[in-house]
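Peer 1: To start, I am sharing the structure in question, which I have written as structure tokens.
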């Protein structure tokens, strides 16, 4: 198809209309999968086990190589083989060694199967690529500061666990029931505002100065 020409025989080019690039969609705030606990690297237990395995394997390898080179085996290995061959299974030392080995094995299995980092409380996911957490000490500090803002509260101690937040406050004026109601309302709102995936259950105890309980 020939291009349109002007009155003077020059070629007129049609304007090119380009589409503006589409903006990326905004992130969707909502549920983006489970908010599990954070896994601990456990570098110290892994390093200790690796060093022990390396030392024992190296010692046995050296002894086997020495035997293959027509040298006598180490005295400790000959003694250990003799003890294992002649001691009965119900011997005290055999049972003690088996119990220690079983306890170590169970400990390693528990370390491998549990997340660890019990001091970090997982928060709700508002973005699929972000997994946030809040330390228990920080959560306890927030609740304590919020409790000290309540009229009548002289001091407060807060302990935050995985499923329970315990607050013990001392009131020097106002009725204890009123102070406790204000604390429960304020601290409940503070816990909900932390954005935790599993908010701990709030337990508030208020007492008068000089009384125990």
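Peer 1: Ranking 203, 70 by Cβ neighbours within 10 Å, fewest first, what do you get? Before the final figure, lay out the partial values.
Peer 2: On the way: 203 13, 70 6.
Taking fewest neighbouring Cβ atoms as first place, the list is 70, 203.
Peer 1: Could you calculate the contour length gain from residue 38 to residue 137, that is, 0.36 nm times the residue separation minus the distance between their Cα atoms, to one decimal place in nm? List each step's numbers first, then the result.
Peer 2: Numbers: separation 99, 0.36 × 99 = 35.64 nm, distance 1.62 nm.
Extra length from residue 38 to residue 137 when fully extended: 34.0 nm.
Peer 1: Would the range 122-208 count as rounded, prolate or oblate if I go by the C-alpha gyration tensor, calling it rounded below 1.5 in a/c and otherwise prolate when a/b exceeds b/c, oblate otherwise? Show your work: numbers first, answer last.
Peer 2: On the way: a/c = 2.76, a/b = 2.53, b/c = 1.09.
Verdict is prolate for the range 122-208.
Peer 1: Applying 1/(1 + (r/R0)^6) with R0 = 25 Å to the Cβ-Cβ distance of residue 178 and residue 145, what FRET efficiency is obtained, to the nearest 0.05? Before the final figure, lay out the partial values.
Peer 2: On the way: r = 20 Å, r/R0 = 0.82.
Calculated transfer efficiency: 0.75.
Peer 1: If you don't mind, another one. Round to the nearest 0.05 the FRET efficiency obtained for residue 55 and residue 155 when R0 = 45 Å and r is the Cβ-Cβ distance.
Peer 2: 0.30
Peer 1: What is the gain in length, in nm to one decimal, between residue 207 and residue 77 on full extension, counting 0.36 nm per residue of separation less the C-alpha to C-alpha distance? Please report the intermediate quantities before stating the final value.
Peer 2: Working: separation 130, 0.36 × 130 = 46.80 nm, distance 6.66 nm.
Here the answer is 40.1 nm.
Rule-based calculations on the coordinates, nothing more; no lab input. Just so it is clear, the structure is predicted and the values come from calculations on it, not from any experiment. Glycine gets a Cβ as well: all are built from the backbone with ideal geometry, and neighbour counts include every protein chain shown.
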